[in-house]
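*Asks:* This is the structure I have questions about; it appears just below.
The values are calculated or read from the model by the stated rules, or taken from the named source; none is laboratory data. All values reported here derive from a predicted model rather than from experimental measurement. Cβ atoms come from the backbone with ideal geometry, glycine included; neighbour counts cover every protein chain shown.
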Amino acid sequence: MRTQVGIVGAGPSGLLLSQLLHLAGIESVVLERRSRAYVEGRIRAGVLEQGTVDLLDAAGVGDRLHSEGLVHGGIELAFGGRRHRIDFEDLTGGKAVMVYGQTEVTKDLNRAREAAGGAVVFEAEGVRLHDFDGAQPRLTYRADGAERELRCDFIAGCDGFHGISRRSVPAASIATFERVYPFAWLGILADTKPVSAELIYARHERGFALFSMRSPSRSRLYIQCSPDEQLDDWPDERIWDELRLRLDAEAAARLETGPSIEKSVTPMRSFVAEPMRFGRLFLAGDAAHIVPPTGAKGLNLAAADVRYLSRALIAHYKEGRDDLLDAYSETCLRRIWKAQRFSWWMTSLLHRFPEESGFGGRVQLAELDYVTSSRAAARTLAENYVGLPFE
């Protein structure tokens, strides 16, 4: 089989790239080792920057997002028993974010690819990348019990942190930078009314907590925990009790409880692989970078990668230009490292570190007091959270 762009991974970045290329008349085939039901069932991020919303609109998959998503013009920072609002719209000239789950984004993209007759091969086993350092890259895999080969002009590795794409690059050709944090997030999804109309980021002596939502009747909540935490040790009642302790009194009184729909423990790490291009192989999304979720940047960085890569591929095929392909890695990495800085800062500001001294805790509180009392400091948080401008 032959196509123009072979895409490894049918998460949001791979599907979005395929959809954008399709709209430009460029062929692609997406290979995914998991089933469609598994991919669509993964609970992930839910805060979209305006640039990501605009890109989904351009891909023709924004209708349900706008009818069901929740526009948030700010967030609340909770510390010292009080909540303080950061007003994004006021601080950034009207910008906001959209709360809409990654699961729903994936479903919308799958439906769009299906409606367009897009080639998405689920349960593609044993995917391997070949000859991407030359002019004729190939992908081999097994499907329906048969060995298959996909020949293409370019390969886009959109298969996540544990995928085969980055691991196919010779070690001498890639550099990685990583920080593993000494804590994780224990998350719970429940059909309960959110405690607030906007997200609450809580810094507490017992550890960080995040009060988020997926809809006006579905809450997504997190508490800081140890990386080796066992879910069996956390029945729903214990999680709700801990969440209530980490809220201010007014919000705690409004906290509704209910049975969990899903529970998970998410390790926290910062990771970047450089460069993001190797001949005719381009890495995008979690295949190239991971950020701690505190800054809500993971899905948005993946969408930014796809924005740059799709435009570069379109310029190659439609205009015979390769300057954007040549600049892809450098352009993406400038944005990625800024997002890493912001995510690291938010994480350091709000979490309790095991080795933290009384001095460190006081510095956190002083920083939070500064951010919520200085318009300049609040603007810095706001403009990073809603998304920095694209190049």
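*Asks:* Restricting to strands (runs of 3 or more DSSP E) lying wholly in the stretch 128-224: which have 2 or more residues that are over 26 Å from the mean Cα position of the chain (by Cα) and surrounded by fewer than 18 Cβ atoms within 10 Å (Cβ to Cβ)?
*Replies:* 138-143, 146-151
*Asks:* Then there's this: Within the stretch 117-127, can one find any residue that is assigned to a helix (DSSP H, G or I) and either on the phi < 0 side of the Ramachandran plot or acidic (Asp, Glu) (or both)?
*Replies:* No, that holds for no residue.
*Asks:* Related question: All but one of (1) in contact with a helix residue (DSSP H, G or I) (Cβ under 9 Å, 6 or more places away or on another chain); (2) closer than 23 Å to Tyr38 by Cα hold for Lys95; which doesn't?
*Replies:* (2)
*Asks:* Something else: Is it the case that some residue within the stretch 251-270 is in contact (Cβ under 8 Å) with a residue 40 or more places away in the chain, under 19 Å from Gly387 (Cβ atoms), in a helix (DSSP H, G or I) and in contact with a strand residue (DSSP E or B) (Cβ under 8 Å, 6 or more places away or on another chain)?
*Replies:* no
*Asks:* Just to be sure I understand, how many residues within the stretch 369-391 are over 23 Å from the mean Cα position of the chain (by Cα) and within 23 Å of Thr266 (Cβ to Cβ)?
*Replies:* Of the residues in the stretch 369-391, 0 are over 23 Å from the mean Cα position of the chain (by Cα) and within 23 Å of Thr266 (Cβ to Cβ).
*Asks:* Still on this structure, I have one more. Name the one entry in Ile223, Ile239, Ile188 that is of a type in the set (Val, Ile, Thr) and in contact (Cβ under 8 Å) with a residue 60 or more places away in the chain.
*Replies:* Ile188
Condition check ((1) farther than 24 Å from Gly163 by Cβ; (2) of a type in the set (Val, Ile, Thr); (3) crowded, with 16+ Cβ neighbours inside 10 Å) across all residues:
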{"residue": "Asp236", "(1), (2), (3)": "yes, no, no"}
{"residue": "Ile239", "(1), (2), (3)": "yes, yes, yes"}
{"residue": "Leu247", "(1), (2), (3)": "yes, no, yes"}
{"residue": "Lys263", "(1), (2), (3)": "yes, no, yes"}
{"residue": "Phe271", "(1), (2), (3)": "no, no, yes"}
{"residue": "Ala287", "(1), (2), (3)": "no, no, yes"}
{"residue": "Asn300", "(1), (2), (3)": "no, no, yes"}
{"residue": "Ala304", "(1), (2), (3)": "no, no, yes"}
{"residue": "Asp322", "(1), (2), (3)": "yes, no, no"}
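*Asks:* Restricting to the stretch 13-49, what's the tally of residues that are surrounded by fewer than 17 Cβ atoms within 10 Å (Cβ to Cβ), hydroxyl-bearing (Ser, Thr, Tyr) and not in a helix (DSSP H, G or I)?
*Replies:* Looking only at that region, the number is 1.
*Asks:* Kindly check whether there is at least one residue in the stretch 183-194 that is among the small types (Gly, Ala, Ser) and touching an Asp or Glu at 6+ places or on another chain (Cβ under 7 Å).
*Replies:* Within the stretch 183-194, one or more residues are among the small types (Gly, Ala, Ser) and touching an Asp or Glu at 6+ places or on another chain (Cβ under 7 Å).
*Asks:* Still on this model: Output the number of residues of the stretch 353-391 satisfying the condition of being at pLDDT 95 or above, polar (S, T, N, Q) and farther than 30 Å from Gly94 by Cβ.
*Replies:* 1
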